[in-house]
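Here is the structure we will look at.
Read-outs: derived from the displayed coordinates by stated rules, not from any lab. Source: prediction; values computed, not measured. Positions of Cβ are backbone-derived with ideal geometry, glycine not excepted, and every protein chain shown enters the neighbour counts.
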Amino acid sequence: MNLLLRLIKVTLMALRRPPLGALDDSVVSFRVWPNDLDLNLHMNNGRYLTLMDLGRFDLTIRVGIIRQVLKQRWRPMVAAATIRYRRGLKPFQRYDLRTRILCWDHKWFFMEQRFEVAGELYALALVKGLFVGPRDKITPQEVAQAVGHDGVSPPMPEAVRAWLQWEPLA
């Protein structure tokens, strides 16, 4: 139920907040609730991944991709994610989830998601994903152009290149 309420909140807030450019940061604020905790009384590792979905959803709405998702029946899909935990989020602590598109290649979008408290990094994730249409995969260039971007990716950061070399199914 908690996640459903958060999804509703993120959706309503995204619809009221200003639109974002394709390469802008989405920032969504949350609080650690008791049902987010593990036995060590900090936010459960799996909960970070679940909340990252909400950050990407906010970005999808505010960049305008949601119109194409609904119109063209595109489905966003995550293919891989890696996360590094630096500090544990404590009960009732407020934090920001910052989501941005780093770059893309011929098939994949690469995103960065950061969990921050007062600008201090608590967890950092890289996410690889794409959009799938009713018949086939949608190229990142097509998605970018659908939201008014010229379709040209920013340069791929070295961290993404290293991750792709490490990932066996790149």
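The distance between label points at Asp25 and Ala118 comes to 1.7 nm (points 7 Å beyond Cα on the Cα→Cβ vector).
Whole-Hz Karplus values for the stretch 88-97 come out as x, 7, 8, x, 6, 6, 8, 8, 10, 10 Hz, taken residue by residue from phi with 6.51 cos²θ - 1.76 cosθ + 1.60 and θ = phi - 60°; glycine and proline positions read x. Under the criterion of Cα pairs below 8 Å and six or more residues apart, the relative contact order for the stretch 2-166 equals 23 percent. Among the listed options (1) 49; (2) 36; (3) 57, the one matching percent of Cα pairs over 24 Å apart as calculated from these coordinates is (2). The packing ranking, built from the mean of other Cβ atoms within 10 Å per residue, places the peptides 146-155, 65-74, 48-57 in the order 48-57, 65-74, 146-155, highest first. Only the Cβ atoms of Lys and Arg (+1) and of Asp and Glu (-1) were treated as charged; on that basis the dipole of the chain about its Cα centre amounts to roughly 500 debye. Calculated mean residue ellipticity, 222 nm, the chain: -10500 deg cm²/dmol, from DSSP H runs (n ≥ 4) at -39500 (n - 2.57) each, averaged per residue and rounded to 500.
Listed peptides 18-26, 38-46 appear in the order 18-26, 38-46 once ranked by packing, highest mean of other Cβ atoms within 10 Å at the front.
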